[in-house]
Amino acid sequence: MVDVTDSAADALGVTSEAARHALDAVLADPAGTLLALDFDGTLSPIIDRPEDAVIHPCAAAALDRLGQLIGTVAIITGRPAKAAVDLGRLDQLDGLGDMVVLGQYGAERWDADTGRFYIPPVPTNIGQVESEVHKIIDDLGLRGVSIENKHRAIGVHTRTADDPAGSFDKLVEPVTRIAEENGLHVEPGRSVLEIRPSGRDKGAALAELIIERGARAVIFGGDDLGDVPAFDEVVRQRDAGLPGLLIASASDEQSALVGRADVVRHGPAEVAEWLNALADELERRAA
Ligand SMILES: [Mg+2]
């Protein structure tokens with residue numbers, strides 16, 4: 001007789017002992033599962049202009065399905081919560097139930113069941129830091145660098161610069177200095193330096209959500225350095241006995257998560273395939 005979990009593990013590319021244990025827990029108790037995912041680079045392909053990003057259509061379909069199968073589906077992103085909801089058209093999906101979007105690394109929140117946003121006041125010095133960053137870019141003579149004001153944070157994007165990698169390297173030191181002088185923190189990402197308030201990261205956001213939802217198993221997926229604290233949190237939870245599964249959305253730009261993940265998929269299209277395969281397994285078991 002074929003072991004159903006073996007076939008599920010094969011279909012989902014799960015091999016390690018800890019990951020198989022987590023997959024067993026998810027399949028046995030979907031209502032107790034928290035699935036938390038990063039947005040950009042994980043569900044939505046990275047493109048030159050971040051304001052033009054859209055969720056991969058297969059990822060949207062997978063979230064729609066999983067929202068009906070799993071206890072909690074959450075997105076934890078560096079973007080403002082409203083941007084993630086709009087770019088993911090999340091408020092237009094039928095199956096989301098009580099999905100949660102944590103924006104700006106957990107500082108902002110949107111709940112699908114109420115449709116309400118929680119957005120705290122903006123740090124007062126963000127505007128001043130933004131103008132200082134403009135000055136740094138001008139002084140260095142860098143062309144094509146774009147600045148994204150995210151209200152609570154500022155993204156300094158070098159993807160569209162004449163020299164993306166060189167511009168990034170030149171900006172790290174002065175941008176970090178200006179941020180620190182203003183009591184802010186710099187989060188490096190894929191061709192972006194993000195300046196934001198200290199004290200919030202995706203690990204803390206995930207830990208709070210695990211407690212709030214009483215999660216009995218957790219899956220987290222991400223693609224970039226900002227996701228490292230959430231990976232750390234899943235490892236910590238695993239050590240404390242909570243089954244956890246880690247997915248990396250791999251890219252040529254960033255490989256920090258690849259060696260730590262249980263499942264590696266190349267980019268949002270393959271992550272979406274994986275999420276749909278998980279939905280297939282859960283539907284098969286529910287039938
Ligand atoms: Mg990302």
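Below is a table of values for the structure above.
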read-out: Cβ-Cβ FRET estimate between residue 128 and residue 208, R0 fixed at 35 Å, reported to 0.05; value: 0.70
read-out: Rounded accessible area of residue 168 (nearest 10 Å², 1.4 Å probe); value: 40
read-out: 14 Å beta-carbon shell around residue 94, net charge (K/R +1, D/E -1); value: -2
read-out: Contour excess over end-to-end distance, with Cα ends at residue 239 and residue 266 and 0.36 nm allotted per residue; value: 7.0 nm
read-out: Reachable lysines from residue 135, criterion Cα separation under 21 angstrom, eight or more residues apart if same chain; value: 150, 170
read-out: Share, in percent, of DSSP beta bridges within the stretch 26-171 that are antiparallel, nearest 5; value: 60
read-out: Extended-chain gain in nm, criterion 0.36 nm per residue less alpha-carbon gap, residue 54 and residue 172; value: 39.7 nm
read-out: Positive dipole terminus of the stretch 199-287, leading residue within 231, 203, 286 (C-beta point charges); value: 286
read-out: Rh by Kirkwood over Cα pairs, then Stokes-Einstein D for the chain at 1.567 mPa s and 4 °C, µm²/s; value: 67
read-out: Phi-based couplings in Hz for the stretch 170-175 (Karplus 6.51, -1.76, 1.60; Gly and Pro marked x); value: 5, 8, 3, 5, x, 5
read-out: For residue 266, residues with placed amide H under 5 Å, excluding near neighbours; value: 250
read-out: Relative contact order (%) - the chain, alpha-carbon pairs under 8 angstrom, separation at least six; value: 23
read-out: Label-point separation in nm, residue 91 to residue 284, each point 7 Å along Cα→Cβ; value: 3.8
read-out: Value of relative contact order over the stretch 188-281, rounded to a whole percent, pairs C-alpha under 8 Å and six or more apart; value: 24
read-out: Surrounding net charge for residue 69, when Lys and Arg each add one and Asp and Glu each subtract one, Cβ distance under 14 Å; value: -4
read-out: Listed residue (155, 63, 31) projecting farthest to the positive dipole end of the chain, Cβ model; value: 31
read-out: FRET efficiency, residue 16 to residue 113 (Cβ-Cβ, R0 35 Å, nearest 0.05); value: 0.50
read-out: Mean Cα-pair separation over length for the stretch 126-197, i.e. relative contact order, pairs under 8 Å, 6 or more apart, %; value: 30
read-out: Separation of alpha-carbon centers, the stretch 189-218 and the stretch 86-119, rounded to whole Å; value: 15
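The values are calculated or read from the model by the stated rules, or taken from the named source; none is laboratory data. Model, not experiment: these values are computed from the prediction. Please note: Cβ atoms are built from the backbone with ideal geometry, for glycine as well, and neighbour counts cover all protein chains shown. Surface accessibility is based on the protein's heavy atoms, side chains included, excluding ligands, DNA and RNA. Shrake-Rupley method; radii C 1.70, N 1.55, O 1.52, S 1.80 Å.
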